[in-house]
Amino acid sequence: MTVDIVTIFPAMIEQPLAAGIIGRAIERGTLDLKVLDLRDFTTDRHRVVDDVPYGGGPGMVLKPDPIFRALDAIAADRGTPLTVIMTSPQGRRFTQAEAVRLAGLEHIVLLCGRYEGFDERVRERVTEELSIGDYVLTGGELPALVVLDAVARFVPGVVGDEQSVAQDTFSRGLLNHPQYTRPAEIEVRGARGVLEVLRVPEVLTSGNHAEIRRWRKREALSRTLERRPDLLDAASLDEEEEQLLRELKGASHERD
Ligand code: SAM
């Protein structure tokens with residue numbers, strides 16, 4: 001997959017990507033990422049990318065012409081048509097399902113805004129507008145990294161174990177089950193200073209794989225029911241999970 005990110009702060013993208021799974025995918029060439037400095041597409045001596053808003057008001061607006069030139073350069077380099085994603089708090093909410101969809105594309109461009117955002121005319125060249133949540137950040141670099149990270153996990157060869165991606169929270173519309181690792185027992189001092197032993201649930205050390213699978217399904221369902229019941233309407237459950245969910249709902253009705 002090829003990704004171009006247009007920003008006025010290339011270091012904000014490059015430095016976080018130097019480490020970790022995404023960094024390795026770029027090194028190996030599984031992900032072909034280019035970070036373009038918007039200032040390289042200005043034509044004035046001061047490399048100005050922003051200007052005051054027409055009609056007055058606070059803040060500055062990103063000029064359209066350097067962005068159009070950057071997109072022309074990317075189109076010439078990668079070939080058209082481009083999928084151009086504008087990061088924006090006004091965009092459609094970015095979700096795991098969106099990440100899966102974008103990972104199926106061969107190429108995406110991510111535009112990072114700054115100041116008061118983009119001149120409205122930039123939207124003429126934008127395929128979609130994505131928001132990473134209902135809050136306003138100072139720039140689009142963190143949203144672009146969030147989108148890239150979530151999308152890249154679905155690109156074959158980026159995450160070593162693809163099964164782990166398929167089992168993640170949201171992938172089947174459920175939160176993931178709890179995870180434990182060694183040691184099987186650990187002593188911790190509780191709130192009142194008393195030592196207590198925290199044990200891994202016995203089923204996980206039993207070696208009974210059918211029981212472990214069922215326990216994990218039950219835990220994933222019970223977590224989702226407790227924390228994010230809204231997800232259950234769209235979740236794709238198998239028969240065993242439907243049955244477990246009925247039991248969990250029955251038990252919670254009895255408690256109420
Ligand atoms: N004035 C704009 C508004 O009210 O819609 C906000 C501009 S914001 C300060 C600057 C840039 O940060 C945006 O152009 C966008 O690229 C990015 N940004 C901020 N919050 C975001 C969010 N929740 N999701 C995606 N991008 C965001």
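The values are calculated or read from the model by the stated rules, or taken from the named source; none is laboratory data. Not measured: the values here are computed from a predicted model. Counting neighbours? That spans all protein chains shown, and the Cβs are built from the backbone with ideal geometry, glycine included. SASA here: full protein model, heavy atoms, side chains in, ligands and nucleic acids out. Shrake-Rupley method; radii C 1.70, N 1.55, O 1.52, S 1.80 Å.
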(request) Can you tell me which residue among Leu105, Leu130, Leu148 is of a type in the set (A, V, I, L, M, F, W, C) and within 12 Å of the ligand (Cβ to nearest atom)? (result) Leu130
(message) Given the condition within 30 Å of Thr30 (Cα to Cα), among the polar types (S, T, N, Q), surrounded by 12 or more Cβ atoms within 10 Å (Cβ to Cβ) and without any contact (Cβ under 8 Å) to a residue 40 or more places away in the chain, answer yes or no: does some residue in the range 199-213 qualify?
(response) no
(request) Would you be able to tell me the number of residues in the range 92-124 that are under 30 Å from Gly57 (Cβ atoms), outside any loop (DSSP other than H, G, I, E, B) and acidic (Asp, Glu)? (result) 2
(message) Val100 - would you say it is within 15 Å of the chain's Cα centre (by Cα) and open to solvent by 10 Å² or more (accessible area, probe 1.4 Å)?
(response) yes
(message) Quick check on the range 81-95: of everything there that is more than 15 Å from Glu124 (Cα to Cα) and loosely packed, with under 15 Cβ neighbours inside 10 Å, which residue is farthest from the ligand (Cβ to nearest atom)?
(response) Thr95
(request) Have a look at Ala75, Ala70, Ala25 and point out the one that is away from the ligand (no atom under 16 Å from the Cβ), part of a helix (DSSP H, G or I) and in contact (Cβ under 8 Å) with a residue 24 or more places away in the chain. (result) Ala25
